[in-house]
Every structure is written in C-alpha cells, then in structure tokens.
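The values are calculated or read from the model by the stated rules, or taken from the named source; none is laboratory data. Since this is a predicted model, take the numbers as computed values, not measurements. For neighbour counting, all protein chains shown are included, and Cβ atoms are generated from backbone atoms with ideal geometry for every residue, glycine included.
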Amino acid sequence: TTKQLIMSEKLAAIGEITAGVAHEINNPIAVIQGNLEVIQSIVGDEADKARGEFKLIDQQLMRISEMVTNLLKFSKPQEYAGVLERYNPADIIGDTLPLVRHLLKKTTIMIEREDHASRLIAMPRTELQQVLINLIVNAFHAMPQGGKLVLRTFDSETDRTPGITIEVSDTGSGMEPDVVNRIFDAFFTTKRREGTGLGLSICQMLVTRQGGTIAVTSKPGEGTTFTVWLPEAA
Ligand code: ADP
C-alpha cells in the first residue's frame, strides 16, 4: 500500500542520515579518547587524584561509541547474498537464550517457553536475535527481584496476511501509560546512566522493515508483554 511505501522510504532515509551522523561522531570520539590518554601520561602522578573522573569520562565515551556502532550496524538494510534463509521462530529463541542466560541467572528468573508456530519466517537471523536480546534484557531489568519470563510463538494473521507472533512477557515492574507512549522513541529511557533508549527504537525499525509490527501491553506492578508479528516467508 502507499502508506507502507512511504513508511519504508522514510526508514531508508533515516538509515542514510543515521549512518552519516554515526561516522561523523565516531571520529571525534576517537580523538578525545586518544588525547585523554596523553593528558593522563603528561600529568603523571597527579592524574591519580582524578582517577575516578578519568574513568567516568572514558566509560561514557565508550558508551557513545557503542551506541553509534549499533546505529551503524542496524540503520542500513543489509545486502543479502543469495536467497534468504527460512526458519521457524522457535529456532532463534533457542539460539538466543544461551546468550542471555548468565544475565537471567543473576536473579531467580524462571523461563517458560511455548513454541506453537509451524510457519516459517525470513527475517535475517541476526536481526531477529538482536530484537529478542533487547526485549529479554529489558524484561530482566524490569524484574530486579526475579520473576517469570514467558516466550511464546504461534501462527497468526494480520489483515488476513499469514504470519507468526512472538510474545515476550515478564512479571516485572510494568509501565505507566505515559511511559508506554514513549518507549519506541529514540533515546527515551528511564534508566538514566545505564540506558541508551535505543533498544526498542532499533527493534521497531528492524521489525517494520520486514513488514512486521511490534506492540506492547503493560500494567504497573504486574508486568509487560511485547508482541512481535512477522509475515510468513514467501
Ligand atoms: P533502554 O533499555 O536503554 O532504556 P529501550 O528503548 O530498550 O532503552 O527501552 C526504553 C524504556 O522502556 C526503558 O527505559 C524502560 O523504561 C521501558 N521498558 C522497556 N521494556 C520494559 C519492560 N519489559 N518492563 C518495564 N519497562 C520497560
């Protein structure tokens, strides 16, 4: 449809701009990091007095640099060699859980899986994996006292188009409506220093680019469910 076309053109334009900006940001960061080291060696022993400050500056620079790298990686549609692989969404969940298990073990988080999808999808594996990691890490952050993480897949239709749904639910803090309304905005975060506010906007971009959708329902004090819908592979 025209609306979808405009959307994908917009996404492509945003991709071009972000990739350009990201490059422009990374170069000065490298210069600052280099000069920081030089300053430290010039001031010698005196630098020890400000060790904490130096470390903080370095950490924050690394954070910016990481953010920019992520933007670069995902802002441009990748070019695929040959045909896209078709797979069941449950495969990716199986590949992704080991990557986040160390995190989930930090508190007592029970993981429940329900794999009911029989259809195949063709979203690039690394991209869907990135989406799932973002959603699972957010769920972990929302359950500091532990809780339950449910990962569910099933066949579903959107506007009569066959596809699959992946649900990621947690029994964590949940969100107030005014937070829910902003979570997909780039740089919106409630995590202050630890958050970049880019996770969900990247998720949304990756999923929309595949003709899919991402939605959320949340109740303060009860938990949150993210619902990703993807069209069936052609
Ligand atoms: P970040 O995690 O860096 O803050 P995101 O874009 O991934 O950036 O998330 C934006 C905000 O959405 C988070 O700061 C948090 O307030 C909220 N959020 C996301 N997922 C959840 C969740 N599962 N439970 C509660 N709040 C969430």
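Overview of results
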read-out: Pick from the range 207-234, criterion polar (S, T, N, Q) and modelled with pLDDT of 95 or more, ranking: nearest to the ligand (Cβ to nearest atom); value: THR224
read-out: Pairs, first modelled with pLDDT under 75 in the range 14-27, second assigned to a helix (DSSP H, G or I) and of a type outside the set (A, V, I, L, M), C-beta under 6 Å, six or more apart; value: GLY15/SER75; THR18/SER75; ALA19/SER75
read-out: Selection within the range 189-206 - within 13 Å of the chain's Cα centre (by Cα) and either in a loop (DSSP other than H, G, I, E, B) or modelled with pLDDT of 95 or more (or both); value: THR189, GLY195, THR196, GLY197, LEU198
read-out: Those residues of the range 188-206 which are in contact (Cβ under 8 Å) with a residue 60 or more places away in the chain and either under 20 Å from ALA117 (Cβ atoms) or near the ligand (Cβ under 10 Å from one of its atoms) (or both), in sequence order; value: THR196, LEU198, GLY199, LEU200, ILE202, CYS203, LEU206
read-out: Residue identified as under 25 Å from GLU194 (Cα atoms), in contact with a Phe, Trp or Tyr (Cβ under 9 Å, 6 or more places away or on another chain) and either of a type in the set (Ser, Thr, Tyr) or without any contact (Cβ under 8 Å) to a residue 12 or more places away in the chain (or both) among SER156, SER169; value: SER169
read-out: Residue satisfying all of: in the range 139-172; within 14 Å of the ligand (Cβ to nearest atom) and out of contact with any strand residue (DSSP E or B) (no Cβ under 8 Å at 6 or more places or on another chain); nearest to GLU232 (Cα to Cα) among these; value: HIS141
read-out: Residue in the range 175-185 that is surrounded by the most Cβ atoms within 10 Å (Cβ to Cβ), counting only those that are farther than 15 Å from VAL131 by Cα and either of a type in the set (A, V, I, L, M) or more than 18 Å from the chain's Cα centre (by Cα) (or both); value: MET175
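The rows are residues; the columns are (1) β-branched (Val, Ile, Thr); (2) outside any loop (DSSP other than H, G, I, E, B); (3) within 15 Å of the chain's Cα centre (by Cα).
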{"site": "ARG101", "(1), (2), (3)": "no, yes, no"}
{"site": "THR107", "(1), (2), (3)": "yes, no, no"}
{"site": "ILE111", "(1), (2), (3)": "yes, yes, no"}
{"site": "GLU114", "(1), (2), (3)": "no, yes, no"}
{"site": "ALA117", "(1), (2), (3)": "no, no, no"}
{"site": "GLU127", "(1), (2), (3)": "no, yes, yes"}
{"site": "VAL131", "(1), (2), (3)": "yes, yes, yes"}
{"site": "LEU135", "(1), (2), (3)": "no, yes, yes"}
